[in-house]
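The values are calculated or read from the model by the stated rules, or taken from the named source; none is laboratory data. Please read all numbers here as calculations on a predicted model, not as lab measurements. We place every Cβ from the backbone using ideal geometry, glycine too, and count neighbours over all the protein chains shown. With ligands, DNA and RNA removed, areas are computed over all heavy atoms of the protein, side chains included. Shrake-Rupley method; radii C 1.70, N 1.55, O 1.52, S 1.80 Å.
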Amino acid sequence: MQGFRYLEKSTLQYDFNRCIGCGNCLAVCPHRVFELGQDKARFRDPGACMECGACALNCPAEAIQVRQGVGCAEAVLYGWLSRVPGLRRVFTPDACC
């Protein structure tokens with residue numbers, strides 16, 4: 001789902017030094033936010049993060065922190081609000097999940 005953007009400023013935080021290179025974050029991320037490089041995860045497209053929390057939940061090294069659910073909820077709300085005629089110019093529709 002490249003090209004989708006969910007939040008201006010994400011709560012996603014990643015600690016490269018704690019990463020053990022297991023690849024779990026790559027396997028569970030629905031938007032390919034991470035990639036492997038130098039035997040560790042690194043950001044591929046952090047702007048695509050919808051803050052579902054799957055990466056943090058599945059990271060055995062606790063190298064990833066994110067406030068779960070914020071991005072997905074915001075995308076849904078913006079989508080709904082953009083359909084209201086008076087608000088259509090203010091909000092940009094987005095897709096989620």
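Rolling a 1.4 Å probe over the protein chains gives Cys55 an accessible area of about 10 Å².
Placing dummy labels 7 Å off each Cα toward the beta-carbon, the span from Glu62 to Leu26 is 2.5 nm.
For the listed peptides 27-33, 15-21, a ranking on the average number of other beta carbons within 10 Å per residue, highest first, reads 27-33, 15-21.
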